[in-house]
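Just so it is clear, none of the values below were taken in a lab; they were calculated from the coordinates. Keep in mind the model is a prediction, meaning the values are calculated, not measured. In this analysis, Cβ positions are derived from the backbone assuming ideal geometry, glycine residues included, and neighbour counts consider all displayed protein chains.
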Amino acid sequence: MYYEFPDMEKAYKLDHQYYFGNNMIVSPITETMKGYDSIRHAVWLPNGNWYDYRNNTMLKGGKEVKEYYTLDEIPVFVKAGSIIPTQTPKLRITGSVLDTLILTVYPTDSGASFKLYEDEGNNEDYRKNIYSFTNFTYLGVDGGWEFIIEPDAKTFRGQVTERSYEIRILSSYKPSQVNMKGKNLNWTYDEKTRVTTIKTPKDKIGSMLIWIQ
């Protein structure tokens, strides 16, 4: 934490938590539960809004938060305005083809964004600038929202050429329609969790604009 906040004295005392990338804070619990079903654990969150990864509850930062955790839970918080990429469960990560990408949007009122880096993964070709970036943007526009996918068109050996996306938008309202290139997309909405899930068909990797109204 002191790498991000070198001028804050408190950051040097937070030895139980760390940043995982730029948008997530993790705070493993390393003390005994003393036979209880759960334990109360404190995490300091920087200024801004943060989502509890377990239940998508938004919390106000700039203070220490204390929550109860069971044995199988790890405190993880995601900064509002983030888009976190994940993949479907794999028995082995090495050699797996990332042809389905799950993108979870943790929005602010103005949207969210993320830049995905990819390379071949088993060599140092990145030192030769052989890699690619893809920008993901969730943006409010008149009458709705846009989800924009913009790859930089750079290529590398073994790169995935076709991909489908599963986009999960938290803290959202139920859409009336979702379309891309004038065609309706498959989507669902969970009234209880307020999560909209949009699935795109597998297609050649390229720029996409998904309109959500």
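What the table shows:
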read-out	value
The chain: relative contact order as a whole-number percent, Cα under 8 Å and 6+ apart	14 percent
Per residue, the convex hull volume that the Cα atoms of segment 167-213 enclose (Å³)	75 Å³
Packing-based ranking, highest mean first, of 2-9, 127-134 given that Cβ atoms within 10 Å are counted	127-134, 2-9
Flagged links, alpha-carbon separation over 31 Å, of LYS66/LYS202; LYS66/LYS90; LYS66/LYS192; LYS79/LYS174	LYS66/LYS202; LYS66/LYS90
Hypothetical label at ASP109: residues of segment 115-157 whose amide nitrogen lies under 14 Å (7 Å Cα-Cβ projection)	140
Choice from LYS192, LYS115, LYS181 showing the highest fluctuation, given a GNM over the chain with Cα pairs closer than 10 Å	LYS192
Qualifying aspartates and glutamates (Cα of each under 17 Å from Cα of LYS10; at least 8 residues distant if same chain)	GLU64
Estimated FRET transfer efficiency when R0 is 25 angstrom, pair ASP37-THR57 (beta carbons, to 0.05)	0.80
Charge dipole magnitude, Cβ of K and R +1, D and E -1 - the chain, Cα centre, debye nearest 20	360 debye
Per residue convex hull volume, Cα atoms of the chain, in Å³	165 Å³
